[in-house]
Amino acid sequence: MPYRPTALTRKNAEDKRDGFLRAARGLVATDGFKAATVAAIAARCQASVGSVYSYFDSRDRLLAEVFRSAASHEIDLIRAAVSDAGQQASERIGELIRIFSGRALHGRRMAWALLFEPVSPVVEAERLVYRSSYTDIGEQIIRDGLASGTFVPQDARLASSAVMGAVSEALVGWIRPDSPEPSEGELENVIEGIRDFCFRALGVAYAGGWR
């Protein structure tokens, strides 16, 4: 008779696959994608290299899944924060910038891996989706701000892409793996400075004129 997997064997297989993904994500969070070799992943799980390949076609596919999982977690947090920030477009874009910057500065190694670390084309494709997701969120906020007169007239998609690009580039020197650990005061100043720059670029109106 042909072998038929039972509910238990399927559960065991799912658990083992999830274990490999958790091990890979832990390695990435600590030392980046370069550290997540198949041998290192297998060693963390006390398994053979061959058993890793029995669940994943290649290391690139495994790491792409790790990237997708980590990126989805970050995007979900941003969406929730923006949704809770109220109706004002300026508050929502400010919260997007604050959460994105704050999480990057407090989780520098993972942020560097997600944003800047050289990766394979397979993983880079996931990075493009990740960046586009942030642009989508910002674009909707900016469209709302344009409709309410909160932002000066501009192309919403281009403005969102420029804002997220500015935020990411401003963080480079702070989240590099070889950069010194910043103090809490420095982190707050960086976040505030990035947010204020983006507000000025968008032309956020307030009682005394333009920020």
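The values are calculated or read from the model by the stated rules, or taken from the named source; none is laboratory data. On a predicted model such as this, the values are computed, not experimentally measured, just so you know. Cβ atoms come from the backbone with ideal geometry, glycine included; neighbour counts cover every protein chain shown. Ligands, DNA and RNA are stripped out before the accessible areas are found, and what is left, the full protein with its side chains, is counted by its heavy atoms. Shrake-Rupley method; radii C 1.70, N 1.55, O 1.52, S 1.80 Å.
On each of the three principal axes of the Cα atoms of the chain, give max minus min coordinate, whole Å, ordered largest first.
That works out to 78, 42, 28 Å along the principal axes.
Keeping every protein chain present and rolling a 1.4 Å probe, give me the accessible area per residue for segment 121-211 in Å².
Values: 4840 Å² over 91 residues.
Per-residue value: 53 Å².
At 0.36 nm per residue, and after removing the present C-alpha to C-alpha distance, how many nm does the segment from residue 35 to residue 158 gain when stretched out fully? Don't jump to the answer; show the numbers that get you there.
Details: separation 123, 0.36 × 123 = 44.28 nm, distance 3.54 nm.
My answer for the length gained is 40.7 nm.
Placing +1 at every Lys and Arg Cβ and -1 at every Asp and Glu Cβ, with all other atoms neutral, what dipole size does the chain have around its Cα centre, in debye to the nearest 20? Numbers along the way, then the final one.
On the way: 26 positive and 27 negative charges, 155 e Å.
Once rounded to the nearest 20, the dipole reads 740 debye.
Determine the per residue accessible area of segment 1-51 with all protein chains present and a 1.4 angstrom probe, expressed in square angstrom.
The answer is 65 Å² per residue.
At q = 0.15, 0.16 Å⁻¹, what is the base-10 log of I(q)/I(0) for segment 29-103 according to the Debye formula with one equal point scatterer per Cα and no solvent? Please give it to two decimals.
For segment 29-103, the Cα-only Debye profile gives -0.64, -0.68.
Under 11 Å from the Cβ of residue 84, count the other residues' Cβ atoms, weight Lys and Arg +1, Asp and Glu -1, and hand me the total. Let's see the in-between values first.
On the way: positive: 79, 92; negative: 91, 95.
Combined, the nearby Lys, Arg, Asp and Glu give 0.
Could you give the length gained on full extension between residue 172 and residue 10, defined as 0.36 nm per residue of separation minus the Cα-Cα distance, in nm?
Working: separation 162, 0.36 × 162 = 58.32 nm, distance 4.30 nm.
Result for the pair: 54.0 nm of gain on full extension.
Which percent of the accessible heavy-atom area of the chain goes to carbon and sulfur, probe 1.4 angstrom? Could the numbers behind the result be given before it?
Details: 5980 of 11240 Å².
Heavy-atom surface of the chain belonging to carbon and sulfur, 1.4 Å probe: 53 percent.
Could you state how much accessible area residue 192 has, in square angstrom rounded to the nearest 10, with a 1.4 Å probe and all protein chains kept in place?
So the heavy atoms of residue 192 present about 90 Å² to solvent.
Given labels modelled 7 Å from the Cα in the Cβ direction, how far is it in nm from residue 54 to residue 76?
Modelled inter-label distance: 2.9 nm.
Accessible area, 1.4 Å probe, largest first: how do 198, 45 sort?
Details: 198 0, 45 45 Å².
From most accessible down to least: 45, 198.
Ignoring everything but the protein chains, give the 1.4 Å probe accessible area of residue 73 in square angstrom, nearest 10.
For residue 73, solvent-accessible area is about 80 Å².
Report the Cα centroid-to-centroid distance between segment 120-164 and segment 66-86 in angstrom, as an integer.
Spelled out, the Cα-based centre of one part sits 14 Å from the other.
Once R0 is set to 25 Å, what does the formula 1/(1 + (r/R0)^6) return for the Cβ-Cβ distance between residue 143 and residue 192, expressed as a FRET efficiency to the nearest 0.05? Could you put the intermediate results ahead of the total?
Numbers: r = 25 Å, r/R0 = 1.01.
The value I calculate is 0.50.
Just reorder 132, 51 by solvent-accessible area, largest first, 1.4 Å probe, all chains present.
On the way: 132 45, 51 20 Å².
Correct descending sequence by accessible area is 132, 51.
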